[in-house]
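Report on the structure given below.
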Amino acid sequence: MTSRRRILPGAPLPAVLAALAVLASVGCSSDDGESSGTAPSAEAADRAAAEVVPATADELSALLVTEVPSGLARVADTEVSPPAGEKSVDDVAGYAEDPAYERAVLQDYGYRYGWERFWGTPGSTVTSVFVDQFDEAPGAEAYAEDLAADGADYYAGPLQHDPPSLPGGCRLLTVEHPDPETRVTGPAAFAWCAHGVFSVAVSAVTGVPDGSVEAATDEVAAVVAEQLERLPG
């Protein structure tokens, strides 16, 4: 595949926005099938919601992480160019040098829709999450594998399969001294994972002079763990 995920451009960082997650209520039943009248805990509601595969991109967005361990401020979708947020087949194909070919590949993989989210300061420390949903698990796995291979080639870093810091099946790429042409501004880590019908990509770029591959990897590992926990499958 020829698609390339984008590095956050040098747009001004907007004010911090408060994001509220909307949780669906679910009913509890007693052993005899009648309602117990007891409201479910927030944890139980989260688990029930997480078992439902999203039917729309908006439903998928509700499953993305809302904050990152580093405490970076959320970047508004409109401050990213092209805008972050909902992604269609045409949007993702548009990242490629040959959109028509890329669109055919994505359709063959069963691409449905995706969602992007960013945190940080443009040109400095940035964490990003990309979740893409497919018709079936093999498509998600193939897409994650392609993105990882693309990343290793583009960033010229060592690609690790099943690294100890990530869940099984994930791939990790670390870059200590990025090439300026990649627009990565400091030590960075990238992870690609397949989880059921979902492909998850997480990246963390740490600012200089205090940034490090270790800090970027810790950020990526923590975000990956939470994001996979939020997805069904």
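Given the convex hull over the Cα atoms of region 120-178, what projected area results after averaging over all orientations, in nm²?
Computing the convex hull of the Cα atoms and averaging its projections yields 5.1 nm².
Would you please give the FRET efficiency between GLU181 and GLN107, computed as 1/(1 + (r/R0)^6) with r the Cβ-Cβ distance and R0 = 30 Å, to the nearest 0.05?
0.45
Within region 134-167, which GluC sites (Glu not before Pro) sit in a loop by DSSP and count at most 12 neighbouring Cβ atoms inside 10 Å? Show your work: numbers first, answer last.
Details: sites: GLU136, GLU141, GLU145; in loops: GLU136.
Within region 134-167, the qualifying GluC sites (Glu not before Pro) (loop, at most 12 other Cβ atoms within 10 Å) are GLU136.
Mind listing which GluC sites (Glu not before Pro) in region 85-114 are in a DSSP loop and have 14 or fewer other Cβ atoms within 10 Å?
Within region 85-114, the qualifying GluC sites (Glu not before Pro) (loop, at most 14 other Cβ atoms within 10 Å) are GLU97.
Taking every pair of alpha-carbon atoms in region 42-230, what share in percent sits in each 10 Å bin, from 0 to the bin with the longest distance?
9, 37, 40, 13, 1
Kindly state, to the nearest 0.05, the FRET efficiency for THR66 paired with THR121, given R0 = 22 Å and r defined as their beta-carbon distance.
It comes out at approximately 0.75.
What is the calculated FRET efficiency for THR78 to GLU51, with r their C-beta to C-beta distance and R₀ = 35 Å, to the nearest 0.05?
Working: r = 32 Å, r/R0 = 0.92.
Computed FRET efficiency for THR78 and GLU51: 0.65.
Could you work out the relative contact order of region 42-230, using alpha carbon pairs under 8 angstrom and six or more residues apart, expressed as a whole percent?
It comes to 19 percent, rounded to a whole number.
Each value in this text was obtained by applying a stated rule to the coordinates, not by laboratory testing. For clarity, every value in this text was computed on a predicted model and none was experimentally measured. When we count neighbours, we look across all protein chains shown, and the Cβ atoms used for this are built from the backbone with ideal geometry, even at glycine.
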